[in-house]
Structure formats: structure tokens, C-alpha cells
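The values are calculated or read from the model by the stated rules, or taken from the named source; none is laboratory data. Values in this document were obtained by computation on a predicted structure and should not be read as measured data. For neighbour counting, all protein chains shown are included, and Cβ atoms are generated from backbone atoms with ideal geometry for every residue, glycine included.
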Amino acid sequence: MKIGIRNDSLRFVYLPDQFRIVMFLNAIVWNANPEIISLGSFAIRWYGVLFALGFVFGYIIMGRIFKKEKIQPKLLDTLTTYMVVGTVVGARLGHCLFYEPEYYLSNPLSILKIWEGGLASHGAAIGILIALYFFVRKAQKPYLWILDRIVIVVALAGFFIRTGNLMNSEIYGVQTSLPWGFIFERWGETVPKHPTQIYEGLSYLLIFILLYWLYDRKGRKLKEGTLFSLFLIILFSVRFLIEFIKEPQVGFEASMTLNMGQLLSIPFIVGGILILIFYKSGKKKATN
């Protein structure tokens with residue numbers, strides 16, 4: 001740890017092998033190495049590790065839920081398989097078709113090059129919904145039953161993924177004068193930007209805590225679809241609002257009043273409201 005004082009700012013410098021973080025009075029210079037270990041062409045990246053941790057912790061938490069409800073443990077492995085496939089395929093196709101359709105439709109084989117980056121959370125949400133539809137048909141469980149439970153761990157996974165985005169110095173916000181603004185040196189930025197990865201990540205962590213608390217304390221009293229609808233309303237409302245201070249992810253968004261992320265969030269928010277209203281008026285409660 002090195003601490004120095006300059007006439008124009010107070011600077012704290014931390015210089016391990018993986019990071020270089022510099023804190024000024026009005027900004028944080030961020031230049032994290034996205035690779036944990038690099039051996040020739042092979043590298044282990046923070047994003048990949050954090051993405052995997054989302055599934056690991058999701059597996060543990062869903063295991064507790066299944067045990068509490070006396071669900072066969074083998075169904076958890078089946079659910080995990082469906083979730084991994086639905087998340088990865090949905091996120092990749094979502095990015096390719098929502099954000100860069102012209103390029104990927106002209107170069108379809110590039111869709112398979114997932115290591116080059118490009119995953120969309122809205123696509124992942126659609127992929128998960130489709131995957132879970134096939135899961136419940138196999139498991140013979142109500143669709144809303146699994147949705148009410150899976151959104152708990154999806155919110156937590158969102159926290160890990162946005163932390164991975166921070167380690168990649170990607171998906172950050174517009175310029176800010178706030179003291180916690182980040183200067184993302186890796187991409188040549190010289191002015192502080194909103195660390196929107198942190199804003200979203202912490203929001204998703206709080207949503208996870210709320211949903212898990214509601215399930216753990218009020219599970220038998222909650223009507224079917226309550227947790228799923230709350231997840232849709234809160235998470236995608238947060239995403240919609242934070243998009244106002246994000247840099248455009250692709251060029252065509254610069255001329256849009258609402259960017260692609262916001263347009264894709266609206267149907268999820270509306271769907272959550274409709275589900276909440278519909279099932280609130282009904283009598284059926286969630287089974288626990």
C-alpha cells in the first residue's frame with residue numbers, strides 16, 4: 001500500500017499484480033486486470049469465475065429450498081442443467097439479435113464465439129422462461145411454482161454477473177462529478193463515469209435478500225406468482241432507471257429516446273404488474 005499527497009488531490013495507490021486502483025478526492029481510477037491467470041492463449045477471467053459462482057450459490061440455495069419442501073434431490077440437477085442451457089443460449093442470442101442483428105445474421109457462425117463477449121440479460125431472462133417451461137413439464141410441477149423460487153437465485157446471480165462486468169470495465173455510465181465516479185483506464189477514459197455495474201449489482205443483491213426473506217418468512221401466506229411478479233417489477237424497473245445514466249452499448253442507441261435495454265425492460269415490468277394484479281384477485285396461495 002502506498003499513500004501520497006499531491007497539491008491537487010489526495011491519492012491512494014494499491015498495486016498488486018491484478019489491480020491498479022487510484023482514489024482521488026473526486027474519482028476512483030479503475031484499471032483491474034480482467035484475467036486472474038494467463039498461461040499463453042489460456043486465461044481464467046474474473047467474469048467467467050463470477051458467472052460460475054452465480055450457478056454455484058444458486059445450486060446451494062435451491063438445494064435448501066428443495067429440502068425444505070421435500071422435493072426429490074435429483075430434480076435439482078435437472079433444473080440446474082435447464083438453467084445453464086437457458087441462461088447461456090438466451091443471453092447469447094439476446095445480444096446477437098437485440099443489439100447486433102445485422103452483423104450476426106450475416107455471420108451466423110460468430111454467434112457460437114461466446115468467448116468474444118456479448119451476453120444480454122434480457123435474452124437470458126427469455127431463455128430461462130423457456131427452459132423452465134420444459135423443466136416443469138418433465139418435473140410435473142406448476143410453472144409459477146418454480147418461477148417463484150428460481151427468481152430468488154436469479155437475482156443473486158445478477159449481482160455476480162454485474163461484478164464481473166466491473167472487473168471487465170464494461171457497461172459503465174456517463175460522466176459524473178460525484179466523488180465515487182470511476183475513471184475506466186482500460187478503455188482510455190480520462191473523466192469519471194458512473195459505476196453502473198455497482199449500482200445494478202447492489203440493487204440485485206438487495207432484491208435477492210428481499211425475495212429470500214419473503215419466501216423464508218411468508219412462503220405459506222404468499223399467493224402464487226407473488227415473488228415472480230415482484231422480481232419482474234422491481235428488477236426491471238431498476239434496470240430501466242439505471243439505463244438513463246449508462247453509455248450506449250451499441251452505436252444505434254445514441255439516437256434513441258429510450259435505449260434497447262429500456263425498451264426490453266418495459267414488457268417485463270408490465271407483465272409483472274399484470275401477474276400481481278391477476279393472482280392477487282385470486283384465492284390460490286403458493287404451496288410451501
Scan of the range 51-79 for residues that are charged (D, E, K, R), free of Cβ contacts under 8 Å to residues at least 40 places away in the same chain and either crowded, with 17+ Cβ neighbours inside 10 Å or not in a helix (DSSP H, G or I) (or both), ordered by number: LYS70
Test result for LYS280, basic (Lys, Arg) and either crowded, with 21+ Cβ neighbours inside 10 Å or touching a Pro at 6+ places or on another chain (Cβ under 8 Å) (or both): no
Top-ranked residue in the range 167-213 [being closer than 20 Å to LEU119 by Cβ and part of a loop (DSSP other than H, G, I, E, B); ranked as nearest to the chain's Cα centre (by Cα)]: ILE171
Residues of the range 80-91 that turn out to be among the small types (Gly, Ala, Ser) and either more than 14 Å from the chain's Cα centre (by Cα) or not in a helix (DSSP H, G or I) (or both), as a count: 1
Candidate set from the range 108-143 (those that are part of a loop (DSSP other than H, G, I, E, B) and modelled with pLDDT under 85); member that is farthest from PRO267 (Cα to Cα): LYS113
Odd one out for PHE240, checked against (1) surrounded by 18 or more Cβ atoms within 10 Å (Cβ to Cβ); (2) at pLDDT below 90: (2)
Residue that is modelled with the highest pLDDT, among those in the range 256-280 that are over 16 Å from GLU200 (Cα atoms) and among the polar types (S, T, N, Q): ASN259
Of the criteria (1) touching a residue at least 12 places away in the same chain (Cβ under 8 Å); (2) buried (at least 16 other Cβ atoms within 10 Å of the Cβ), which one PHE134 fails: (2)
Unique residue being among the aromatic types (Phe, Trp, Tyr), within 26 Å of PRO267 (Cβ to Cβ) and in contact with a strand residue (DSSP E or B) (Cβ under 6 Å, 6 or more places away or on another chain) when the list is TYR212, TYR172, TYR204: TYR172
Every residue from the range 204-229 that is surrounded by fewer than 21 Cβ atoms within 10 Å (Cβ to Cβ) and either closer than 16 Å to ASN165 by Cα or without any contact (Cβ under 8 Å) to a residue 60 or more places away in the chain (or both): LEU205, LEU206, ILE209, LEU210, TRP213, LEU214, ASP216, ARG217, LYS218
LEU144 vs. criteria closer than 23 Å to GLU224 by Cα and touching an Asp or Glu at 6+ places or on another chain (Cβ under 6 Å): yes
Among (1) free of Cβ contacts under 8 Å to residues at least 40 places away in the same chain; (2) in contact with a Leu (Cβ under 9 Å, 6 or more places away or on another chain) - the single one TYR82 does not satisfy: (1)
Failed item in (1) assigned to a helix (DSSP H, G or I); (2) within 23 Å of VAL88 (Cα to Cα); (3) at pLDDT below 95, with GLU253 passing the rest: (2)
Residue list for the range 173-203, restricted to those being without any contact (Cβ under 8 Å) to a residue 12 or more places away in the chain and either of a type in the set (Lys, Arg) or surrounded by 21 or more Cβ atoms within 10 Å (Cβ to Cβ) (or both): none
